[in-house]
Amino acid sequence: MICYKIIFKPTPLPKRSGGETTAMELKKISEYEWEIPKHGGMKVPARIFASEKLVQKIQQDRTLMQAANVAHLKGIQKYSYVMPDAHEGF
């Protein structure tokens, strides 16, 4: 398997009460598969299934932050998955 390390510069988001956005490292695994490596207290990496165009769109909200947050949950196995229809759920 060939991994490509790509770091996107996220689009600045309007400030909302209760949180801020942060840039996250994304590794391109394949044409439609991306990964946020484990960092901080993440128990598993996050795996994103989307085209590059969709990933850029997903980065305009807090979807990737939510995927990283899910990866902290007790009992999670293997990955926190993000499907192509991902959107912010706060």
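What to note about this one:
- Packing here is the average count of other Cβ atoms within 10 Å per residue, and on that basis the peptides 38-46, 56-64, highest first, run 56-64, 38-46.
- Solution diffusion estimate, µm²/s, Stokes-Einstein, the stretch 38-90, Kirkwood Rh from C-alpha pairs, 37 °C, viscosity 0.692 mPa s: 292
- Length gained when the stretch LYS78-SER30 is fully extended (0.36 nm per residue, less Cα-Cα span): 15.5 nm
Just so you know, all these numbers are worked out from the coordinates, no wet-lab data involved. Remember, it's a predicted structure, so these values are computed and weren't measured experimentally. Cβ sites come from the backbone with ideal geometry, for glycine too, and all protein chains shown count toward neighbours.
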